[in-house]
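Novice: Just dropping this structure here.
The values are calculated or read from the model by the stated rules, or taken from the named source; none is laboratory data. Quick caveat, the model's predicted, so the values are computed rather than measured. Neighbour counts are summed over all protein chains in view; Cβ atoms, including those assigned to glycine, are modelled from backbone coordinates with ideal geometry.
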Amino acid sequence: MVMPEPDLAILDRRDEIVAALERALPENNVISELAETIAYECDGLSAYRCPPLAVVLPNNTQEVSAIMRTCYELGVPVVPRGAGTSLAGGALPTADSIILGTARLNQHLDIDIPNRFIRVQTGVTNLSVTGAVEGQDFFYAPDPSSQLACAIAGNIAMNSGGAHCLKYGVTTNNLMGVTLVQADGEIITIGGEHLDTDGYDLLGLICGSEGQLGIVTEAVLRILPKPEGARPILIGFDEPETAGQCVADIIKSGILPVAIEYMDRLIIQVTDEFSGAGYPDVEALLIVEVEGSEAEIDQQLEKISAIANKLNPAALRQSHSEEESAMIWKGRKSAFGAVGQLNDYMCLDGTVPVSKLSDVLKAIGELSKKHDMKVGNVFHAGDGNMHPLILYDANKSGDLERAEAFGADILRLCVEVGGCLTGEHGVGIEKRDLMGVQYSDADLEAQMSVKDCFDPNWLLNPAKVFPLALSAARRNRAVQHD
């Protein structure tokens, strides 16, 4: 991955910029010492690092506005950062940019059970939202694997989903409103606490915009009543392609599970050793969860078992207790961390039609042989959101570049079969130069025109989403017109 050369004029004004930020904010909100900014040099895509000009940690919307106004006046790029869990380099700084972290925007501001919403500052973690309402038998549906750590700010930026998005949707389906600080520091509200459908869907535009259209400081999130009950079933197969066929058959039957997750042998073994989940010894494993009353659960699982039995599964096992269910999900949720203890890896998130899962799994196996690199597959099978984990050795010269080439081939494959480059991790730096695979020049121009409206100087989250040559040209044009 290549990042643009820093603007030397900005670097030369570093002390001036830091001083201006310190004047605009309360004491101890600006971090400028190199030793203290190391933690902000990368996000979850840790193979790539760059020290930022400085880090700012605001406490509220007004302080975010002051930061944006200062940077706008000084022409300084701003990289928004949630919890830094992005796996696509979405929060990677450039040397001439500041990091605007949301860690101190950590308040739950309002809970309204009758109207089924919670208002939060966007630095709160995903899991804490459910934690704030579960005592009243409610929950927040989107549940990324990193939900213990990831922030709502990043969830909104990347339109994150999770295992249960098959039934409940991704972030955009559970987001009611935001407070947005624009590039020039102006504060606006989009959506709100009640149904708001007038005019253009600007809320849908902001969700998934990867911090390139503004800084979301507060969010109104939809909360839902907890289901009466839920239970997963494990279905194992001796062939990955057969597991893919089983997913397609379940969806085709009209049954709507709350989740369908897939793991291949490599992931099964690693996560089982890591978590003690007790998974069966199979080539491919599905976790299918349904919810409702006990009678509804029994009925749905009976139908799913009948579908699976037609494909001669190697293992078929229902959970019989809350403790057993928790262990099943503990294994799945720990997959990325477990693999990380084994190897360096690159995690992709291309999405494919469910009907193509079998073909894509077979093709990924062939690509693995072609590139002579191991890959583990773990993903949200119900909506075709794949997460191949390409294993490599960061200390071996050329290995990262080989992994990138392998990953690019997988993403091209996803688009070729009718899918897309990213399901929930975002484009970031990882996929930006592949955007031309999915979008025409006219498509990209239309998207960049939207950014022109919100961020005419192209200061927000530079070098992300769009091919580097296009975003650099746009930024240069903005500077010349300034």
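Novice: For residues that are touching a Phe, Trp or Tyr at 6+ places or on another chain (Cβ under 7 Å) and closer than 26 Å to S253 by Cβ, tally how many sit in segment 334-374.
Specialist: Counting residues in segment 334-374 that are touching a Phe, Trp or Tyr at 6+ places or on another chain (Cβ under 7 Å) and closer than 26 Å to S253 by Cβ gives 0.
Novice: Mind checking which residues of segment 84-140 are assigned to a loop (DSSP other than H, G, I, E, B), of a type in the set (A, V, I, L, M) and under 20 Å from Y168 (Cα atoms)?
Specialist: Listed by number, the list holds a single entry, I113.
Novice: Only one of these is farther than 24 Å from A153 by Cα and surrounded by 20 or more Cβ atoms within 10 Å (Cβ to Cβ): G384, G428. Name it.
Specialist: G384
Novice: What number of residues within segment 244-270 satisfy the criterion of being touching a strand residue (DSSP E or B) at 6+ places or on another chain (Cβ under 7 Å) and assigned to a loop (DSSP other than H, G, I, E, B)?
Specialist: Total satisfying the criteria: 2.
Novice: How many residues are surrounded by 21 or more Cβ atoms within 10 Å (Cβ to Cβ) and not polar (S, T, N, Q) if we restrict to segment 134-160?
Specialist: 13
Novice: List every residue pair whose Cβ atoms sit under 9 Å apart, with the two residues 6 or more apart in sequence or on different chains, where the first one lies in segment 119-132 and is under 21 Å from P58 (Cα atoms) and modelled with pLDDT of 95 or more and the second, anywhere, is surrounded by fewer than 19 Cβ atoms within 10 Å (Cβ to Cβ) and basic (K, R).
Specialist: Final answer for the pair search is Q121/R104; G123/R104.
Novice: Can you work out which of the residues in segment 27-49 that are of a type in the set (A, V, I, L, M, F, W, C) and surrounded by 16 or more Cβ atoms within 10 Å (Cβ to Cβ) is nearest to A95 (Cα to Cα)?
Specialist: Residue satisfying both the conditions and the ranking: C42.
Novice: For D399, indicate whether it is under 20 Å from A157 (Cβ atoms) and free of Cβ contacts under 8 Å to residues at least 60 places away in the same chain.
Specialist: So D399 does not fit the description; no.
Novice: Looking at this structure, is K356 over 25 Å from the mean Cα position of the chain (by Cα), under 17 Å from L413 (Cα atoms), part of a helix (DSSP H, G or I) and not aromatic (F, W, Y)? Working first, answer last.
Specialist: Values: over 25 Å from the mean Cα position of the chain (by Cα): no; under 17 Å from L413 (Cα atoms): yes; part of a helix (DSSP H, G or I): yes; not aromatic (F, W, Y): yes.
No.
Novice: In this structure, does N457 turn out to be surrounded by 15 or more Cβ atoms within 10 Å (Cβ to Cβ) and either on the phi < 0 side of the Ramachandran plot or touching a helix residue (DSSP H, G or I) at 6+ places or on another chain (Cβ under 7 Å) (or both)?
Specialist: The answer is yes for N457.
Novice: Take L361 and decide whether it is in a helix (DSSP H, G or I), assigned by TED's automatic domain parsing to the domain that holds R402, touching a residue at least 40 places away in the same chain (Cβ under 8 Å) and of a type in the set (A, V, I, L, M, F, W, C).
Specialist: Criteria met by L361.
Novice: Could you tell me whether L367 is in a helix (DSSP H, G or I), outside the structural domain of L285 (by TED's automatic domain parsing), modelled with pLDDT of 95 or more and touching a helix residue (DSSP H, G or I) at 6+ places or on another chain (Cβ under 9 Å)?
Specialist: Judged against the criteria, L367 is a match.
Novice: Under the condition of being farther than 14 Å from D96 by Cβ and within 31 Å of the chain's Cα centre (by Cα), which residue from segment 1-20 is surrounded by the most Cβ atoms within 10 Å (Cβ to Cβ)?
Specialist: M1
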